[in-house]
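One structure below.
The values are calculated or read from the model by the stated rules, or taken from the named source; none is laboratory data. Computed from a prediction, not measured in an experiment: that's the story for all the values here. Cβ: placed from backbone, ideal geometry, glycine included. Neighbour counts: every protein chain shown.
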Amino acid sequence: MVDYTKPIAESNNFIVLDKFKKEWMVAESYQSKNDLERELIQDLVNHGYEFLLSLNTPEAMLANVRVQLQTLNNVQFADGEWTRFVETYFDKPSDTIVDKTRKIHDDYIYDFVFDDGRIKNIYLLDKRNISRNKVQVIKRF
């Protein structure tokens with residue numbers, strides 16, 4: 001059954017209808033942010049994401065990124081090399097959120113010079129063989 005309604009008054013900000021029939025309701029009340037986050041995380045886990053509850057500080061997150069990039073690129077960063085990589089490319093203090101987003105999409109390969117002089121392409125992700133990328137999800141902190 002189609003319920004036709006006729007506007008009584010209209011403006012740029014509202015419409016007054018002759019009659020209104022509420023067809024359905026999503027829930028009795030609004031979903032909390034915590035419930036929404038929990039549901040989203042579970043959906044991502046169901047799609048193959050690894051849930052890492054222990055990543056709850058920027059330092060822990062950066063340490064995890066180091067492990068993941070070393071695995072993806074089959075390299076080992078010495079502590080000084082990692083610090084230099086982060087400060088000069090990965091998380092430059094001058095980068096805005098737009099710069100960081102562009103880096104993921106357009107500038108995701110970085111020619112890094114290791115302390116011993118060798119140069120290696122460091123990939124933030126593998127766009128050719130996406131199954132090599134590891135997907136993880138954390139709770140907001």
Review point. Can you name every residue in segment 57-98 that is in a loop (DSSP other than H, G, I, E, B) and either among the hydrophobic types (A, V, I, L, M, F, W, C) or surrounded by 10 or more Cβ atoms within 10 Å (Cβ to Cβ) (or both)?
Key: T57, V75, Q76, F77, A78, D91, K92, D95
Practice item. Give just the number: which of (1) farther than 30 Å from L36 by Cα; (2) at pLDDT below 95; (3) of a type in the set (G, A, S) does A78 not satisfy? Key: (2)
Exercise for review: Kindly list, by first and then second residue, each pair from a residue in segment 1-19 that is at positive phi and modelled with pLDDT of 70 or more to a residue that is part of a strand (DSSP E or B) and surrounded by 10 or more Cβ atoms within 10 Å (Cβ to Cβ), limited to pairs with Cβ atoms under 9 Å and residues at least 6 apart or on different chains.
Suggested key: none
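Taking the stated definitions as given, is R84 within 15 Å of Q136 (Cα to Cα) and at pLDDT 95 or above?
On the way: within 15 Å of Q136 (Cα to Cα): no; at pLDDT 95 or above: yes.
No, not satisfied.
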Review point. Going through segment 106-141 one residue at a time, which ones are surrounded by 11 or more Cβ atoms within 10 Å (Cβ to Cβ) and assigned to a helix (DSSP H, G or I)?
Key: R132
Study note, to complete from the structure: Cβ pairs under 7 Å, 6+ apart or interchain, first in segment 114-141 and touching a residue at least 12 places away in the same chain (Cβ under 8 Å) and within 29 Å of T57 (Cβ to Cβ), second loosely packed, with under 13 Cβ neighbours inside 10 Å and of a type in the set (S, T, N, Q), ordered by first then second residue, are F141/T57
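Under the condition of being surrounded by 11 or more Cβ atoms within 10 Å (Cβ to Cβ) and not aromatic (F, W, Y), which residue from segment 44-56 is nearest to the chain's Cα centre (by Cα)? Show your work before the answer.
Just the residues of segment 44-56 that are surrounded by 11 or more Cβ atoms within 10 Å (Cβ to Cβ), to begin with: 44-45, 49-52, 55-56.
Those left that are additionally not aromatic (F, W, Y): 44-45, 50, 52, 55-56.
Working: L44: 12, V45: 14, E50: 13, L52: 14, L55: 14, N56: 15 Å.
That would be L44.
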